[in-house]
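Accompanying notes for the structure given below.
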Amino acid sequence: MGRKLAVAKVEQFWFWWKAGFPVAECARRAGFSCTAGSRLVRRAGVSAPMGRPLKDPAATARAVELLKAGVGPSQAATITGTNQDTAYRLARRLRDGTGVAPPLGRMVCEPTGVMIDTAAPRGARLGLAERQEIALGRARGEPLTVIAGRIGRPVCTVSREIARNKDPDGSYRIIAAEEAAQMRARRPKPAKLAQQGRLRAYVVKQLNAKRSPEQIAARIRLEHPDDPEMRVCHETIYQAFYLEARGGLKHVVKQPMRQGKTQREPHRRDGERRGRIPGMTSIHERPPEADDRMVPGHWEGDLIVGKQSASAVATLVERSFRYIMLGHLDGDHTADTVRDAIVPLLAGLPEQLRKTLTWDQGSEMACHFEIAEQAHIGMYFADAHSPWQRGTNENTNGLLRQYLPKGTDLSIYTPADLQAIADELNDRPRKTLGWLTPAEAFHLFLGHTVTIGGRPAKLPDSLQPLAQHCDDP
C-alpha cells in the first residue's frame, strides 16, 4: 500500500474537484499522481467530473433522455444542440453502465434512472450536496462530529445515513446512497399483504384458523425467528382485511373477524377530539408580567413519571424565585389524584404568590377548572410539543432526576421524602438570585428578615422593588 497523502494535499485536490476540473488536473494541482486522485474519487463513491462545468446542463439532460429512448448520438446532438463528441461520450457511458454525471446540473444514475437534482434546496431530508460532504469526509477519515458540524446536521443524522446506505463492504458512495434514499421515499408503496407470497399466505391461513391479528403478528416471530421477510404488525393485517387497496383479505378469508364487522368503526364519538382538554386557556393569554419573571407568583407544573408510567410525582416551580414544591400522588396519576395533590400546595401559599399556573396539555389536567376554583389561581396551558414554554419547570425536572432517577418506582417515596428533596433544592444557591437560595428569596419577598454572614440579605435589584418591606414583629 502506498504512502498516505498529506491532509493539506487531499483538501486541495477536493477543492479543484468541486470546481469542475478533471481528476488528472486536480491531482496535478494538488501535487500527487493521477492514480492517487482516481483512488480518492473511487473511495469517496463520487463520479468524477467530465471536464469543466457544462455550458447547458438542460440540453445535456435532454440528450441523455433521447439516448436512453434509442435515438442515435449524432441525431441526439443535432436535436439538442450539444456537441457530437459529448453525445457520443454520453452514449458510451450509458452503454458501459457507468452513469452520466455532469459536474453541475442533474445526475442520471444507471441502472435505476433516478434523477438527482444537485441544485435542490436544503430540506428536512439529506440532499445530494450533503451526501457528497459525508462521502468526502469519510474519505478523509474525519469523525462524524466534524462532518455533521460542516453540513449543519445532528451527528445522529449522519450516523443513520451511513448505516442505512453504506455498501456491504462498509464504504459509503454518494450516488448509491442517493439512489437508495430516493427508492425508499417513493410513494405509494405497495402494501405488504397486497402482494402474493409466503407472508400473505401465512396470514390468510391464520385468519381462517380464527386467530386475531395480534396473535398472528406475535406468533409469526416465534415460528420464523430468522426470517425478516416474515414480519407483519397487527395494524397491517387489519388494514389488509378492511381496505381493498391494502390487500382485500376479506374476500379470501372464509369468515369475517370475530366481531363480524365488514368495516372498521372509529373509536371517537361525533365531535370528540381525543387528547384535547376542554376549556383550556392558552399560554398566549397569560398576563404579560409572567413572561419577564419580574412579578413573583407565576408557577409552572408537570409530572415526573416513574418506571413504566405506573407512578409519578407532581412538580411545581415558581418562575421568579425557582421555589419548588412536590406533590405526592397516591396510587396513580389520574386527573382527580393530581388535583387532590396540588390544590393543598397552592392553597397554602399567600395570595400574592398565587397568580397563575402553567401546565402542558396532559390529560392529568382534566380537572383544571376545579384546581383554579379551589386554589384561587389562573390556569394556563402551553402549546402542544413546546416544552420551552415551560423552561423553568423542565430545568427543575432535570435537577429532580438526581433524586428521582428515570426508570425507578416513584411510589416508594413518601410525602416526607419528597418534602426533604424539595427543601434541599430550595436551599441550593442560584446565580440568577444573586446566589441567594430560593427559600431565602421567598422569605425576603414576604418581607421577612434573612441574615447571611451577620448581615441582612436583600433581593437582587431586578426583584427588589417588588418585595414587601416590613419588619418582623
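Of all residues in segment 151-175, how many are farther than 13 Å from R43 by Cβ and surrounded by 15 or more Cβ atoms within 10 Å (Cβ to Cβ)?
Residues that pass the stated criteria total 8.
Select from segment 415-456 the residues that are out of contact with any helix residue (DSSP H, G or I) (no Cβ under 6 Å at 6 or more places or on another chain) and small (G, A, S) and list them in ascending order.
Listed by number, the residues that qualify are A416, A420, A422, G434, G447, G453, G454.
Please list, ordered by first then second residue, the pairs with beta carbon atoms under 7 Å, 6 or more apart or interchain, first in segment 203-227 and within 15 Å of V253 (Cβ to Cβ), second polar (S, T, N, Q) and part of a helix (DSSP H, G or I).
Pairs found: I216/Q206.
Which helices (runs of 4 or more DSSP H) sit wholly inside segment 353-433 and have at least 1 residues that are more than 24 Å from D336 (Cα to Cα)?
391-400, 415-426
Find the residue count for segment 309-340, including only residues that are closer than 25 Å to A441 by Cβ, crowded, with 22+ Cβ neighbours inside 10 Å and touching a strand residue (DSSP E or B) at 6+ places or on another chain (Cβ under 8 Å).
The qualifying residues number 13.
Any chance you could count how many residues in segment 113-150 are among the hydrophobic types (A, V, I, L, M, F, W, C), closer than 20 Å to A163 by Cβ and either in a helix (DSSP H, G or I) or at pLDDT 75 or above (or both)?
Within segment 113-150, residues that are among the hydrophobic types (A, V, I, L, M, F, W, C), closer than 20 Å to A163 by Cβ and either in a helix (DSSP H, G or I) or at pLDDT 75 or above (or both) number 10.
List pairs: first in segment 408-431 and closer than 15 Å to I324 by Cβ, second in a helix (DSSP H, G or I) and small (G, A, S), Cβ under 9 Å, 6+ apart or cross-chain?
D423/A439; N426/A439; D427/A439; R430/A441
Scan segment 307-328 and give yes if some residue there is more than 22 Å from L459 (Cα to Cα) and more than 31 Å from the chain's Cα centre (by Cα), otherwise no.
Taking every residue of segment 307-328 in turn, at least one turns out to be more than 22 Å from L459 (Cα to Cα) and more than 31 Å from the chain's Cα centre (by Cα).
Could you please let me know if I342 is closer than 30 Å to K307 by Cα, touching a Phe, Trp or Tyr at 6+ places or on another chain (Cβ under 9 Å) and of a type outside the set (D, E)?
no
The values are calculated or read from the model by the stated rules, or taken from the named source; none is laboratory data. Owing to the predicted nature of the structure, the values given are computational and were not obtained by experimental measurement. Note: ideal-geometry Cβ built from the backbone for every residue, glycine included; neighbour counts use all protein chains shown.
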